[in-house]
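Heads up: the structure comes next, in structure tokens.
The values are calculated or read from the model by the stated rules, or taken from the named source; none is laboratory data. Remember, predicted model here, so these are calculated numbers, not experimental data. Positions of Cβ are generated from backbone atoms using ideal geometry, with glycine treated the same way; all protein chains shown enter the neighbour counts. Accessible surface areas use protein heavy atoms only, side chains included; no ligands, DNA or RNA. Shrake-Rupley method; radii C 1.70, N 1.55, O 1.52, S 1.80 Å.
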Amino acid sequence: MRSIAAFVLCAALVMFAGCQSVGYGENSMLSSPIFDDSQPRPLRDRIATSLSYPDKTMFFLVVDDIPPRADLNLRAIGCERGGDGRLVVTASVQNQGADFVPAIELLTGDRGAFRVAAIVTTANGGRERVDAVMPVPLTVRASVTLRLPPTQAAASQVTRIDVIADPDYIVPDPFRENNALSWRGTMAADSAACTVVR
């Protein structure tokens, strides 16, 4: 039994007699980012996950790297005269993009898909801003008409109205030239007419 153990020990010594241990710094043919910090580490792509709405993932892993794109088109603006004579601005917005706009937390603290703002200028040079939020998601090719709050100025005093959709740049909209409409003129005291259609 002792002779077998001695034979195995001698065979192991003979086998490892020619081996040497060389560090990675001395041997330029071998490199490992685990042991040698001088070698550049390979870049690994981060696994993209999504827990937001709309969920365009498969088992929470992003399927494609195409960023969402929506195209808000401010199709028309109009005016109404309230019972107390104040002006009410309406805006018709359509999503002409490839993705729908989800309802998220906006910069104003409201939850909505986007905001529409109107700046009303009166004959004496006064300016007033009113806005409304689209509270639900806006699907693709859908149109919505938002009714903004009434202005403090009477309809007969208004000479200019500038309306812009998504003034906070929340929606990934690459075409911003169709997000604004303006109207100039005068309105009668008994009616409000400021219709502008794109």
Met187 fails exactly one of the following numbered conditions: (1) open to solvent by 30 Å² or more (accessible area, probe 1.4 Å); (2) more than 22 Å from Arg69 (Cβ to Cβ); (3) not small (Gly, Ala, Ser). What is the number of that condition?
(1)
Selection from the range 165-196 of residues within 22 Å of Thr139 (Cβ to Cβ) and assigned to a strand (DSSP E or B) yields Ala165
Test: Leu148 is closer than 19 Å to Asp71 by Cβ, over 22 Å from the mean Cα position of the chain (by Cα) and open to solvent by less than 60 Å² (accessible area, probe 1.4 Å):
no
Looking at Arg176, Arg127, can you tell me which residue is open to solvent by 20 Å² or more (accessible area, probe 1.4 Å) and touching a strand residue (DSSP E or B) at 6+ places or on another chain (Cβ under 8 Å)?
Arg127
If only one of Leu106, Leu148 is touching an Asp or Glu at 6+ places or on another chain (Cβ under 7 Å) and more than 22 Å from Val196 (Cα to Cα), which one is it?
Leu106
Inspect all residues belonging to the range 111-122 and state whether any of them is under 19 Å from the mean Cα position of the chain (by Cα) and more than 18 Å from Asn179 (Cβ to Cβ).
yes
Test result for Gly112, farther than 24 Å from Arg198 by Cα, surrounded by fewer than 16 Cβ atoms within 10 Å (Cβ to Cβ) and not acidic (Asp, Glu)
no
Within the range 73-93, tally of residues that are touching a helix residue (DSSP H, G or I) at 6+ places or on another chain (Cβ under 9 Å), at pLDDT below 90 and surrounded by fewer than 20 Cβ atoms within 10 Å (Cβ to Cβ):
4
Close pairs from the range 111-123: first under 14 Å from Pro137 (Cβ atoms), partner outside any strand (DSSP E or B) and among the small types (Gly, Ala, Ser), Cβ under 8 Å, at least 6 apart
Arg111/Ala103; Gly112/Ala103; Ala113/Ala103
Being open to solvent by less than 60 Å² (accessible area, probe 1.4 Å) and under 19 Å from Asn124 (Cβ atoms) is the filter here; which residues of the range 157-173 pass it?
Val158, Thr159, Ile161, Asp162
